Amino acid sequence: MNFLDYLFLFGGMGLATYLPRWLPLFYLANRNLPKWLVDWLSLIPVAILCALLAPILFTNQTARTLELGKPEFIVAIPTLIFAVKTKSLGGTVLVGMGLYWLWGLLF
Amino acid sequence: MDRDSREEINTATKHQSWFREGAMASWPICFGYIPIGLALGVLANQAEIPVWAVTMMSIMVFAGSAQFICVAMLAAGASIWSIILTTFVVNLRHFLMSSAIAVHLSSLHRLFLSCFAYGITDESFAVNMTHFREGNWDHRRAITVNQLANFAWVASTTIGALVGQLIPTGAFGTGYALTAMFLALLLFQLHDAVYILTGLLATGIAVAWYLFIPGDSYIIGASVSAATLGYFFKRCREKRR
């Protein structure tokens, strides 16, 4: 990819990110969104995060087949427990990385 | 001292300390961004994205999870359009945050609002909303939080990309940084049974979609259908009550 490809990609991503941040602030300053939209939007983050995680945790991504008990999934369990206990985003990232690294060294 | 002059002094101290108070509120965000930013930079480097492009992406997009997804999708050879579309869906949640915070930013200049919008992230939103609810918070403190967090993000992703050239692919579990961040963010989102059900549905649909349909449409497909099913579940439950 050259400079123009990146400019186009990041410009598009920037616009796609900026518009949802900007529109409500600019136009809906004192108006309320319809309740159905608020309810639906509030479920979107959970759904996206699970959709992103699911193939990483439960499938073989080179062969695109089901694979249960992957190291990614096993490491996820203590990582989640750490996240529950500490509520720390940065800490969870470091602990997850450390455990995954250890798993690679041990097995 | 009469009441008026005392109020004047109070306002004056308030004006002097807005930057300091904003900075105090933003440091946990900045601190949290450093490992994630470094990890993103390292991953981008492993995906053979040049350092200048990482800095450019952090400035132009400024959205952690979308940038991780972009790196992962670029590494997997995804098309530019599918990355932009995925970014849009992933960041639609900011629509809700922007609507919620707008209540606290009424009667401000539209140029300020346009600048403020750039810095709305999950983290700055959470911090600013907490302070706005407690009172003693204003637009200058809030935009200080946004922009310092932005600075920390741009700096740490750039440093990560520079340092990444020295680190071999996948070393020290860097390949798991993204997964761990998603796991933590997911956990922080599980407020009640509706969210848990939506998450389970999204997981099941995504796996099936991923296995049977080629390409990366599973992200948008599974999240939109799971959120819709979760929404109808919530409505049915509310009606029964």
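The values are calculated or read from the model by the stated rules, or taken from the named source; none is laboratory data. Owing to the predicted nature of the structure, the values given are computational and were not obtained by experimental measurement. Positions of Cβ are backbone-derived with ideal geometry, glycine not excepted, and every protein chain shown enters the neighbour counts.
Does B:V163 count as surrounded by fewer than 22 Cβ atoms within 10 Å (Cβ to Cβ), closer than 20 Å to B:G64 by Cβ and in the same structural domain as B:S17 (by TED's automatic domain parsing)?
Judged against the criteria, B:V163 is a match.
Quick one: which of B:R141, B:R235, B:R133 is outside the structural domain of B:A63 (by TED's automatic domain parsing) and of a type outside the set (A, V, I, L, M, F, W, C)?
B:R235
Among residues belonging to the range A:68-107 that are among the charged types (D, E, K, R) and either closer than 23 Å to B:V207 by Cβ or in contact with a helix residue (DSSP H, G or I) (Cβ under 9 Å, 6 or more places away or on another chain) (or both), point out the one that is surrounded by the fewest Cβ atoms within 10 Å (Cβ to Cβ).
That would be A:K87.
Test each condition in (1) on the phi < 0 side of the Ramachandran plot; (2) not in a helix (DSSP H, G or I) for B:T158 and report the one that comes out false.
Unmet condition: (2).
What pairs can you find where one residue is in the range B:80-92 and surrounded by fewer than 21 Cβ atoms within 10 Å (Cβ to Cβ), the other is assigned to a helix (DSSP H, G or I) and of a type in the set (F, W, Y), and their Cβ atoms are less than 7 Å apart, with a gap of 6+ or different chains?
Partner pairs satisfying both residue conditions: B:I80/A:F8.
Can you go through A:L37, A:L19, A:L15 and tell me which one is assigned to a helix (DSSP H, G or I), modelled with pLDDT under 90, surrounded by fewer than 20 Cβ atoms within 10 Å (Cβ to Cβ) and more than 7 Å from chain B (Cβ to nearest Cβ)?
Only one candidate passes the filter, namely A:L37.
I'm trying to understand the selection: among the residues of the range B:135-155, which are within 20 Å of B:L108 (Cα to Cα) and in a helix (DSSP H, G or I)?
Those that are within 20 Å of B:L108 (Cα to Cα) and in a helix (DSSP H, G or I): B:H139, B:R140, B:R141, B:A142, B:I143, B:T144, B:V145, B:N146, B:Q147.
Go through B:V71, B:V89 for me and flag whichever is under 23 Å from A:Y6 (Cα atoms), within 18 Å of the chain's Cα centre (by Cα) and more than 8 Å from chain A (Cβ to nearest Cβ).
B:V71
Residues checked against (1) over 15 Å from B:Y176 (Cα atoms); (2) surrounded by 21 or more Cβ atoms within 10 Å (Cβ to Cβ); (3) assigned by TED's automatic domain parsing to the domain that holds B:I219; (4) modelled with pLDDT under 85:
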residue: B:T13; (1), (2), (3), (4): yes, no, no, yes
residue: B:Q16; (1), (2), (3), (4): yes, no, no, yes
residue: B:I59; (1), (2), (3), (4): yes, no, no, no
residue: B:V71; (1), (2), (3), (4): no, yes, no, no
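Where residues in the range A:40-64 are of a type in the set (S, T, N, Q) and at the interface with chain B (Cβ under 7 Å from one of its Cβ atoms), which of them is farthest from B:A227 (Cα to Cα)?
The residue in question is A:T59.
For the range B:185-209, enumerate the residues that are facing another protein chain (nearest Cβ under 7 Å), farther than 11 Å from A:V46 by Cα and free of Cβ contacts under 8 Å to residues at least 12 places away in the same chain.
Within the range B:185-209, just B:V207 meets the criteria.
Tell me yes or no: at least one residue of the range B:96-106 is more than 8 Å from every other protein chain (Cβ to nearest Cβ) and more than 24 Å from B:S225 (Cβ to Cβ).
yes
Filter the range B:196-241 down to the residues that are small (G, A, S) and not in a helix (DSSP H, G or I) and list them by number.
B:G215, B:S217
Out of (1) more than 8 Å from chain A (Cβ to nearest Cβ); (2) farther than 26 Å from A:K35 by Cβ; (3) in contact (Cβ under 8 Å) with a residue 60 or more places away in the chain, what's the single condition that is false for B:S124?
Only one criterion is unmet by B:S124, namely (2).
Among the residues that make up the range A:70-78, is at least one of them among the aliphatic types (A, V, I, L, M), over 30 Å from B:F232 (Cβ atoms) and more than 7 Å from chain B (Cβ to nearest Cβ)?
yes
Give all pairs with beta carbons closer than 8 Å in which a residue from the range A:39-67 that is over 30 Å from B:R235 (Cβ atoms) meets a residue that is charged (D, E, K, R); count only pairs at least 6 apart in sequence or on separate chains.
Pairs that qualify, where the first residue is over 30 Å from B:R235 (Cβ atoms) and the partner is charged (D, E, K, R), are A:I56/A:E72; A:T59/A:E67; A:N60/A:E67; A:N60/A:K70.
Scan the range A:77-99 and give yes if some residue there is under 26 Å from B:A222 (Cα atoms), in contact with a strand residue (DSSP E or B) (Cβ under 9 Å, 6 or more places away or on another chain) and not hydrophobic (A, V, I, L, M, F, W, C), otherwise no.
Checked the range A:77-99: no residue is under 26 Å from B:A222 (Cα atoms), in contact with a strand residue (DSSP E or B) (Cβ under 9 Å, 6 or more places away or on another chain) and not hydrophobic (A, V, I, L, M, F, W, C).
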